[in-house]
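J.: One structure, pasted below without further comment.
The values are calculated or read from the model by the stated rules, or taken from the named source; none is laboratory data. Fair warning: this is a prediction, and the values are worked out from it, not measured in the lab. Note that we place each Cβ from the backbone using ideal geometry, even for glycine, and neighbour counts take in every protein chain shown. To get the accessible areas, we keep the full protein, side chains included, count just its heavy atoms, and leave off ligands, DNA and RNA. Shrake-Rupley method; radii C 1.70, N 1.55, O 1.52, S 1.80 Å.
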Amino acid sequence: MKIVICGAGIVGSAIARHLSAEQNDVTVIDIDPDKLQRLTEQADVGAVEGMSSYPDILAQAGLKDAELLIAVTESDEINMVACQVAHTIFETPTRIARIRARAYLDPKVGQLYSRENLPIDYIISPEREVSAAVGRQLQLPGAFDVKDMAENKIKLIGVLCKENCPILATPIRHLTNLFPGLGMTIVAIIRDNQVIVPRDGTDMMQPEDRVYFVCDEKHAARAMASFGHTEEQSNSIVISGGGNIGTLLAQNMEMSSDDAQVHIIERDRARARKIAEQLQKTSVIWGNTLEADILKEAGANTAGTFVAVSNDDEVNILSALLAKRMGALHTVALVNMPGFVPLISALGVDAVINPPQITVSSILEHIRRGRILDVHSVVEGLGEVLEAEALPTSPLVGQPLRKSRIPKGVAIGAILRDDVVIAARGDTVIEAGDRVVLFAAPGKASRAESILSD
């Protein structure tokens, strides 16, 4: 597929590397030559220096022959204009734009985005996506990654195996006997930044492994307990950072829980005053989140969960560590820079929210071929979890999984059939029309797509 990406920032570079690794023809546009040079050294992509909304620059990038435009510059307006130019001049079939400003996302202006007005096929809103991801973390505090799939009936959960994990050194195939009736399937083990995809059931978990499993939503608590995670959801939450994400998170908490005790710490005085007027039940504190007295005033020392979502990675990491040391039971830090992500759990922060990874997942959901319904990029981009409809032509349909030729690096997690969740086992038979949730290691996503359709 020929793809043009506008913007070589963190998100644009991440999606460019991802798509080029799958043998797509990718060209990236940016006004910063240094960003383009770094990207071309890391990935097999073309580069064009210039303004992403200019027709001549888009033409130079080959948009005339492209099937897809992804506009993820730092400017909403440039992203919008790039989509308009792509539609009007180049007749590009699919156009995706990242839009951040809440004024553009107001439902009252929804009619703005149409073929007759602004022809944007899919809008990606990082703030909304990140706020939703943090919300899922709050519901399951023992996990470092949570994703609802298959109409919220199947959960993808990532957990850290600690020294007290009761199933350490236990072959995966024995788990069904140890936990009868538990609808859970382990689909990936991440150890020393390497991905292990279980195939014969002999793999065993070790301390510090990060494990991804798929389970029936009704079995989530029991599945977490099998890993030694029995943390309870807390209604006492401290949010560091009163930007769009922090404000959205507080608003969601106000709407979803009557007894939630939410506090926001915001360093900018004018911003603190503004969000205090917007929120009804949330306490807003003006101050520096790196000061122990401010954290104590907000109740971080007794909070069930401390969430750091400011626009500064270093502040988020340090404030989460400080809150943890003061007594917060569970800490979550928003980190944009990919290089920081592997370090966080080693430092003591319980979970990391990575906006570029979340945005990449949102984009992949719209560009995957076949009957792909949902996509989730796992931590550090070490694989993808796909939700797809099994077509009648799929080689997996009609025979037990143990007899199916499932490619290496791919693991079937669960099936949704007639609103019933079926955990993937050797004798499981996939039927046409089933919703299948599976894991694909890096570079294996296209192969995973094909086995459910070809």
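J.: Hey, among S319, S361, which residue is among the hydroxyl-bearing types (S, T, Y) and over 13 Å from the mean Cα position of the chain (by Cα)?
T.: Only one candidate qualifies: S319.
J.: When only residues in segment 330-358 that are of a type in the set (A, V, I, L, M, F, W, C) and surrounded by fewer than 16 Cβ atoms within 10 Å (Cβ to Cβ) count, which is nearest to the chain's Cα centre (by Cα)?
T.: Once the filter is applied, the top-ranked residue is M337.
J.: Now for a separate question. So which residues in segment 109-133 are out of contact with any helix residue (DSSP H, G or I) (no Cβ under 8 Å at 6 or more places or on another chain), open to solvent by 60 Å² or more (accessible area, probe 1.4 Å) and either outside any helix (DSSP H, G or I) or at positive phi (or both)?
T.: E116
J.: Touching a Pro at 6+ places or on another chain (Cβ under 8 Å) and part of a strand (DSSP E or B), is that true of V214?
T.: no
J.: Step by step: first the residues of segment 222-277, then only those that are within 24 Å of G142 (Cα to Cα) and acidic (D, E), then the one that is most open to solvent (accessible area, probe 1.4 Å). Which residue is that?
T.: This residue is E232.
J.: Quick one: in segment 293-321, which of the residues that are more than 15 Å from H263 (Cβ to Cβ) and out of contact with any strand residue (DSSP E or B) (no Cβ under 9 Å at 6 or more places or on another chain) is surrounded by the fewest Cβ atoms within 10 Å (Cβ to Cβ)?
T.: E314
J.: Give me a count of the residues in segment 170-207 that are open to solvent by 50 Å² or more (accessible area, probe 1.4 Å), touching a strand residue (DSSP E or B) at 6+ places or on another chain (Cβ under 7 Å) and either without any contact (Cβ under 8 Å) to a residue 24 or more places away in the chain or of a type in the set (D, E) (or both).
T.: 0
J.: Sticking with this one: Kindly list the number of the only condition in (1) charged (D, E, K, R); (2) modelled with pLDDT under 90; (3) open to solvent by less than 10 Å² (accessible area, probe 1.4 Å) that fails for D434.
T.: Here D434 clears every test but (2).
J.: For R95, are the conditions met, namely being part of a loop (DSSP other than H, G, I, E, B), touching a Pro at 6+ places or on another chain (Cβ under 7 Å) and within 19 Å of G12 (Cα to Cα)?
T.: The answer is no for R95.
J.: Then there is this: How about segment 339-403: which strands (runs of 3 or more DSSP E) wholly inside it have at least 2 residues that are of a type in the set (D, E, K, R) and at pLDDT 90 or above?
T.: Strands (runs of 3 or more DSSP E) meeting the threshold: 384-389.
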